[in-house]
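The values are calculated or read from the model by the stated rules, or taken from the named source; none is laboratory data. Just so it is clear, the model here is predicted, and its values are computed rather than measured. We place every Cβ from the backbone using ideal geometry, glycine too, and count neighbours over all the protein chains shown.
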Amino acid sequence: MELFADIIIDISHSRLDQTFQYRVPPKLRETLEPGNVVEVPFGRGDRPRKGYVLRITEHSACPPEKLKDIRRLETGLVGAESKLTALALWMRDYYGSTTVQALRTALPFRQKAPQKQKKRVVLCLSREEGQARLAQFRAKNQTARARLLEALLDEPSLPQEIVSGSLKITAPVLRALEEQGIVRQETEQVYRTPALLRQLETEREDRAGRRPEAGHQESGGLRLNAEQQYIVDTVAAEWQRPGARCYLIHGVTGSGKTAVYLELIAAALARGQQAILLIPEISLTYQNVIRFYRRFGDRISILHSRLSQAERYDQFERARTGDIDVMIGPRSALFTPFPNLGIIIIDEEHETSYRSETVPCYDARETARKRAELEGAALVLGSATPSLEAYYEAEQGKSRLFEIRRRATGGVLPSVTTVDMRGELAAGNRSILSRSLHEKIAQRLERGQQTMLFLNRRGYAGFVSCRSCGHVIKCPHCDVSLSLHRDARLVCHYCGYEEPAARKCPSCGSPYIGGFKAGTQQIEELAAAAFPGVRVLRMDADTTRGQDGHAEILRAFGAGEADLLVGTQMIVKGHDFPRVTLVGILAADLSLNLSDYRAAERTFQLLTQAAGRAGRGDAAGEVVIQTYDPDHYAIRCAARQDYASFYRQEMEYRRLSGYPPAGGMLALHCSCEDREKLAVAAHYLAAFVRRLAQRYEAAVIGPADEAVARISDVYRMALYVKHPQPRALTAVKNMTEQYIEMNSGFREIRIHFERK
C-alpha cells in the first residue's frame, strides 16, 4: 500500500502557506509521522530542501508516478525540530492559525540572521622554519612581513583585528604570505552574547582574577528547608515515570520558589537534559539571571524582547548545538530547540503576559503542557497567587499541588493596613498619599530603610478632561484617551500619536481643562517635595526604554542608591529587596473597573504580589493599601493574603456565569478599516456561529465592540462562544474557519481566534 505525505517547504515567507505532496518510500513507511522533518527534492534541478510533514494519507492528489519521493528523514539534533513541528501543528488546530503562522512561532530558529564571524591569522611553520624566514625578510628589508612573522612567533594565532590594526598588515601582504604557505586565515562563528551576560561574565572574571573555565559553577547546592526539599525529592522521584508530569507550587511571597527551581534544574542537568525557565517580564530577568548564572555559569542564556533578531537567533543556535543547557526568558523561550528537554518551569504562572496577542493567540501554559507531553518532560508552575485555571486543574487531579506556607528566611508576612481614601478626602486630604502612608514613609527614611510605591499607571497624567463639560481628549485614531506628559504633550500609548496640550476645552471652550494627575512622574515629584533630600528612582515603561534600563534601575535600588522606588506593575513582581520594609499601593481598586471577567482576579494577584515585596529581610514589613472600595472581596482577601478564600468566592462567580475555568470560552476577534464592512461581516459570522451553537448547545455573546474599539484607525469587534467542553469549542472553531475560507466577503476582514 502506497503512502503519501503533505509537506510544507518554506516557513520564511508567510505567503507560501501551501503544501506539496510527496511519495513516502518503503523504508520510511513504518517510521514517518506528522511533525517529522524531511529532506525532499524541490524546484528546478531537484535541489534538496528541508520540509515539514503535516499529514500522511493513502490518497494522492495527482497520479502517483508524477510525485517525487522523500529523500530521507532528518535525525540527530533535528529531533527537537520534529517535536516542535508537531507542537506547531497542535497550536494551529487548537488556537486557529495558518500552518505557516504556527510554524514560524514554534520554529523561530528557522528564521535565520547573518552570522557573526571572527577571523584569525595562524602560523603554518615550525619555530625553526619561522626564524629562518624572519631572517630572510629582514635581510630584504620586508618590514611588514617581518613584523607579522615576529608577532606570530610569539603568539602563533592572532585575531584579524590585531593583524590589520595594531600590526598594520595590509591585505596584499597577508595574501602573499598565504600563497607562500607561511600563514593561513581561519574563520569561526562567534555567538552574540546578550549584554547582561557579558556584564556578569566580566564581574565574575574580576572577582576570580582569572578567566574561568567553560561551564564553571560559582556555587553548589542550596540549603533547602523541609517544604522546599520535599518538593525537589518528590519531583525527582517521579521523573522517570512514563506520562506527562505537571506540578503546581503555591508558595507565599518570599517562600523560596526560586531555590526549588535551581535544584530541579540542577537535577535535569545531572541527567544530561536541558531546562527552560519562563519568566513573565523583562524586569524580572536581572535578579533571576544573577542567581542562575552564579549557579550554572555560562551554560545558561537569556531571551527578551529587547534583543536584536541576530542575538535571539544566536541564543537558539547555542541551544540547538548543545552550547547551553538552560534558557531563561518570556513565553518565546518555550520554543528553545533543546535536543533533550527535561523540565519546563513557569515562574509567576498567573501573569497575563504568558498569553500571546498575535496569531496564533496561544497560552504559554497550555502550550508548555503540550510540549512537556511531546518531550516526556516535567512541567512545574509556580506562583504566590496561582491563576484560577492552574489551581482548578490541581483540584481536578490534572497536576499535583505543593503548598509552601512560610517564608524561606523564617520571617513573617507583612502587616497590612487598608486606608479608605473617601475618608481622607472628607478630612480635607487631597494628596495622592494618605496621612498614614506619609507618616510611615517618613519613619523609613529616619531608619535608613527603603520604600516602594506602586501605581497601576504610567506617565504624568492618566487623561485630560474638562471640568466644565466633562469632555475627555481622545486619540483621533484610537478609542482611548490621550495622556499628558511633563513636556506638555498629549500622547497616545497605543499608536504613538502626539499633540500639544490643550489650553481650552475643544468641545465647550472652557479654560478649566487639565489632567487627572495620578501618574508615576507626578508621584516622583510629590515625594521629592514632601521629603526633602529623598533619593527617588522611577521605574515604568518610559524610564526603561533602553536595552538595559530595567537592570540598571533594579541594580541601583538593590545597592541602596535610592530610598524610594516609584513604579508601575513591573516593580512588584518577583523582586527581592531585603531593605524594603514598606510598600504603598496607590489606587488599589483601579483594575477592578476593567471590562474583563478576570478583573477581580487580577486585582487580587496584583495587590498580593505588591504586598509580598515588604519585609523580605530581617526587619518586619508593612503594607498600606489605599482604596475607594475597601469592602470588595478581592481587596479584603489580598489584605489578609488569603488565597483560599478568594479562590472559593471567585469560583462561585465563574460557575454562575460559565466563565473559565468553570467553563470554556472561544473568542473571535474581527478588525477592518471600514466600520460598515466590519459590522456586516460580524453580523453574518455571528449568525453562522449561532447555528453551530444550537447543535453543540453552546452560548454565544455578541458581536460587540472590543474594549478599545479602534486602534490606528482600525475598527475592532468581538464574538464569544461559551461551552464547558474544549472539544466542542474546537469543532466550532474548525467549521467557522471553513466558513470564512469559503466566503469571499470576509477577505477584507482580519479574523483570529483566541482560547480563553
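Residues that are touching a residue at least 40 places away in the same chain (Cβ under 8 Å) and in contact with a helix residue (DSSP H, G or I) (Cβ under 6 Å, 6 or more places away or on another chain): list the strands (runs of 3 or more DSSP E) wholly contained in the stretch 679-756 that include at least 1 such residues.
In the stretch 679-756, 714-723, 750-755 are the strands (runs of 3 or more DSSP E) which contain 1 or more residues that are touching a residue at least 40 places away in the same chain (Cβ under 8 Å) and in contact with a helix residue (DSSP H, G or I) (Cβ under 6 Å, 6 or more places away or on another chain).
Among the residues of the stretch 243-262, which ones are among the charged types (D, E, K, R) and more than 16 Å from L341 (Cα to Cα)?
The answer is K257, and nothing else.
Would you pick out the residues in the stretch 34-45 that are assigned to a loop (DSSP other than H, G, I, E, B) and either under 15 Å from I8 (Cβ atoms) or of a type in the set (V, I, T) (or both)?
Once the filter is applied, which keeps residues that are assigned to a loop (DSSP other than H, G, I, E, B) and either under 15 Å from I8 (Cβ atoms) or of a type in the set (V, I, T) (or both), the stretch 34-45 yields P34, G35, N36, G43.
I'm trying to understand the selection: among the residues of the stretch 492-507, which are surrounded by 14 or more Cβ atoms within 10 Å (Cβ to Cβ), modelled with pLDDT of 80 or more and touching a Leu at 6+ places or on another chain (Cβ under 6 Å)?
A501
Of the residues E375, E348, which single one is at positive phi and in contact with a helix residue (DSSP H, G or I) (Cβ under 9 Å, 6 or more places away or on another chain)?
E348
For the stretch 54-170, which fully contained helices (runs of 4 or more DSSP H) count at least 2 residues that are at pLDDT below 90, surrounded by 15 or more Cβ atoms within 10 Å (Cβ to Cβ) and among the β-branched types (V, I, T)?
Output list reads 78-91, 99-106.
Condition first: in a strand (DSSP E or B) and either crowded, with 24+ Cβ neighbours inside 10 Å or out of contact with any strand residue (DSSP E or B) (no Cβ under 9 Å at 6 or more places or on another chain) (or both). Can you find one or more residues in the stretch 368-375 that meet it?
Checked the stretch 368-375: no residue is in a strand (DSSP E or B) and either crowded, with 24+ Cβ neighbours inside 10 Å or out of contact with any strand residue (DSSP E or B) (no Cβ under 9 Å at 6 or more places or on another chain) (or both).
Please count how many residues of the stretch 329-347 are farther than 14 Å from L107 by Cα and either surrounded by fewer than 24 Cβ atoms within 10 Å (Cβ to Cβ) or not assigned by TED's automatic domain parsing to the domain that holds L264 (or both).
3
Those residues that are touching a strand residue (DSSP E or B) at 6+ places or on another chain (Cβ under 8 Å) and of a type in the set (S, T, N, Q), I need them from the stretch 715-756; list them, please.
Q725, T736, listed by residue number.
Just one of the numbered conditions (1) surrounded by fewer than 16 Cβ atoms within 10 Å (Cβ to Cβ); (2) more than 31 Å from the chain's Cα centre (by Cα); (3) not hydrophobic (A, V, I, L, M, F, W, C) is not true of S434; which one?
Going through (1) surrounded by fewer than 16 Cβ atoms within 10 Å (Cβ to Cβ); (2) more than 31 Å from the chain's Cα centre (by Cα); (3) not hydrophobic (A, V, I, L, M, F, W, C) one by one, S434 breaks only (1).
Might you let me know whether the stretch 693-705 holds any residue that is touching a Ser or Thr at 6+ places or on another chain (Cβ under 8 Å), outside the structural domain of A102 (by TED's automatic domain parsing) and closer than 23 Å to Y597 by Cβ?
No, the stretch 693-705 contains no residue that is touching a Ser or Thr at 6+ places or on another chain (Cβ under 8 Å), outside the structural domain of A102 (by TED's automatic domain parsing) and closer than 23 Å to Y597 by Cβ.
Select from the stretch 171-196 the residues that are part of a loop (DSSP other than H, G, I, E, B), loosely packed, with under 14 Cβ neighbours inside 10 Å and in contact with a strand residue (DSSP E or B) (Cβ under 7 Å, 6 or more places away or on another chain) and list them in ascending order.
V190
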